[in-house]
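Please read the structure below before turning to the comments.
The values are calculated or read from the model by the stated rules, or taken from the named source; none is laboratory data. Bear in mind the structure is a predicted one, so any value in this text is a computation, not a measurement. FYI the Cβ positions are ideal-geometry reconstructions off the backbone, even for glycines, and counts take in every protein chain you see. The area values use the complete protein model at the heavy-atom level, side chains included, leaving out ligands, DNA and RNA. Shrake-Rupley method; radii C 1.70, N 1.55, O 1.52, S 1.80 Å.
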Amino acid sequence: MPGIEPVAGFGPEVADGAELTHMVLLGRAIAVLPRSLARPQHPGLVHVPVADAPRSALVLAWGQEDRRRLVADFVASAVEAAQG
């Protein structure tokens, strides 16, 4: 918006990737994403690798009482993928 200067650390709140994409396309946001999400999902988006960015941790979380087989299989697959 003309006459309004952006302030570092403040911006639109988004609930999901679709909203984030929309805000970026409108010029209201930029995003720092993990490499796994870096491929533009829309022809109007551009990504630039941040070569000197520190590595980050990927964390899985689930309910302590959740004993579903689907959850256990997902966790096992994620651990296997992270090790490979």
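Since only Gly63, Met23, Ala76 are under comparison, the one whose Cα sits farthest along the positive direction of the charge dipole of the chain, derived from C-beta charges on Lys, Arg, Asp and Glu, is Ala76. Computed in the context of the full set of protein chains, the accessible area of the chain at 1.4 Å probe radius has 60% of its extent on carbon or sulfur. In the full protein context, the range 28-83 carries 101 Å² of accessible surface per residue, based on a 1.4 Å probe and ignoring ligands, DNA and RNA. In a simple Cβ point-charge model (Lys, Arg +1; Asp, Glu -1; nothing else charged), the chain has a dipole of about 220 debye relative to its Cα centre. Over the Cα atoms of the chain, the radius of gyration divided by the Kirkwood radius equals 1.07; this is the Rg/Rh ratio. For the range 13-84, which GluC sites (Glu not before Pro) pass both filters: DSSP loop (anything but H, G, I, E, B) and at most 10 other C-beta atoms within 10 Å? The qualifying sites are Glu13, Glu65.
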